[in-house]
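The structure appears right after this line, and notes come after that.
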Amino acid sequence: MRTTICNSGQYVPMHSHTRGQLLFLTEGLVEARALDAGTWIVPPQRALWLPSLVEHQIRVIHTVEMRNVYISAEAAQHLPKHCQVMNLSSLLRELIISLSKMEQLYDEQGADGRLVDVFLDQLHASKEAPLHLPMPNSKPLLRIASTIIEHPEQHYNMQYWEQQLGISSRTLARRFNAETNMTYSQWRQQAKLLNALQRLAQGEAVVNIAQELGYQSQSAFISMFKKALGKTPGQYFS
């Protein structure tokens, strides 16, 4: 359990931990990628849960202050088995900050042990934040996904990809849903949302982001953002 400050651009290559890791950001923004599982964007005041032995990499998008809490397999047995960004209650955020100051060998039968029990109960009750972009695994769909990530402003439809790949649009749509558990349009919007989060964290103007992501107006972009995350861009980062 410790507090860490990392600067923009810092990169941690693929690695894993023998214990589960809860990475809580008090400030900044990071991008996390897990082997064969996709990408997550972690904004401030949220946490990334990484189960034990999951291969992952971390890239700091905007200078972060974060707390790491490592959880044994026994203590994590009721926690999710897959990576996810979690929305945290005010109580849970304060618990994490308190835990990050504790000694690794704490008194499990004393006050520290009771604090950990409350923390685990609160963490188990936390809800997943919709900040994941799952990657397809087949070569044709990876080409589609990579193109969208590189050119999020383009509005390529399935008919376009049918012509490019020589695979029927119906087959592509079915396979995209099967490999990502999202429709093509849902995935494309999620890619735009995560792109926008990165750029908002770096201080780019909403109007510029909306234009460069292909939205017809700033209000259309804000409407999409609020529908996905429940708040406007300004409210979300405040």
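The values are calculated or read from the model by the stated rules, or taken from the named source; none is laboratory data. Just so it is clear, the model here is predicted, and its values are computed rather than measured. Quick reminder, even Gly has a Cβ in these numbers, built from the backbone with ideal geometry, and neighbours come from all protein chains shown.
I'd like to check something: does the range 189-208 contain any residue that is surrounded by 15 or more Cβ atoms within 10 Å (Cβ to Cβ), outside the structural domain of residue 43 (by TED's automatic domain parsing), within 14 Å of residue 144 (Cβ to Cβ) and not basic (Lys, Arg)? Looking through the range 189-208, at least one residue is surrounded by 15 or more Cβ atoms within 10 Å (Cβ to Cβ), outside the structural domain of residue 43 (by TED's automatic domain parsing), within 14 Å of residue 144 (Cβ to Cβ) and not basic (Lys, Arg). A count restricted to the range 169-195 and to residues that are assigned to a helix (DSSP H, G or I) and more than 28 Å from residue 211 (Cβ to Cβ) stands at 10. Residues in the range 26-50 that are touching a residue at least 24 places away in the same chain (Cβ under 8 Å) and either in the same structural domain as residue 233 (by TED's automatic domain parsing) or surrounded by fewer than 21 Cβ atoms within 10 Å (Cβ to Cβ) (or both): 26, 27, 28, 31, 33, 36, 37, 38, 39, 44, 45, 46. Take the conditions in contact with a Phe, Trp or Tyr (Cβ under 8 Å, 6 or more places away or on another chain) and either among the polar types (S, T, N, Q) or over 26 Å from residue 37 (Cβ atoms) (or both) and apply them to residue 117. Does it pass? No, not satisfied.
Give me the residue from the range 66-95 that is without any contact (Cβ under 8 Å) to a residue 12 or more places away in the chain and outside any loop (DSSP other than H, G, I, E, B) and, out of that set, nearest to residue 24 (Cα to Cα). Here the answer is 94.
Residue 56 falls short on exactly one of the conditions (1) buried (at least 21 other Cβ atoms within 10 Å of the Cβ); (2) closer than 25 Å to residue 236 by Cα, and that condition is (2). Restricting the search to the range 158-172, which residues are of a type in the set (Val, Ile, Thr) and out of contact with any Phe, Trp or Tyr (no Cβ under 8 Å at 6 or more places or on another chain)? Passing the criteria: only 171.
Going through the range 96-112 one residue at a time, which ones are part of a helix (DSSP H, G or I) and surrounded by fewer than 12 Cβ atoms within 10 Å (Cβ to Cβ)?
Answer for the range 96-112, where residues must be part of a helix (DSSP H, G or I) and surrounded by fewer than 12 Cβ atoms within 10 Å (Cβ to Cβ): just 111.
When you check residue 149 against the structure, is it surrounded by 13 or more Cβ atoms within 10 Å (Cβ to Cβ), of a type in the set (Val, Ile, Thr) and closer than 30 Å to residue 4 by Cα, yes or no? Yes: the conditions hold for residue 149. For the range 64-95, the tally of residues that are touching a helix residue (DSSP H, G or I) at 6+ places or on another chain (Cβ under 7 Å) and crowded, with 17+ Cβ neighbours inside 10 Å stands at 5.
The residues of the range 115-161 that are touching an Asp or Glu at 6+ places or on another chain (Cβ under 9 Å) and within 13 Å of residue 192 (Cβ to Cβ), listed by number, are 152, 153. Of the residues making up the range 4-25, just one is among the aromatic types (Phe, Trp, Tyr) and either modelled with pLDDT of 95 or more or crowded, with 16+ Cβ neighbours inside 10 Å (or both), namely 24. If I filter the range 123-137 for residues that are assigned by TED's automatic domain parsing to the domain that holds residue 87 and part of a helix (DSSP H, G or I), do I get at least one hit? Scanning the range 123-137, I find at least one residue that is assigned by TED's automatic domain parsing to the domain that holds residue 87 and part of a helix (DSSP H, G or I), so the answer is yes.
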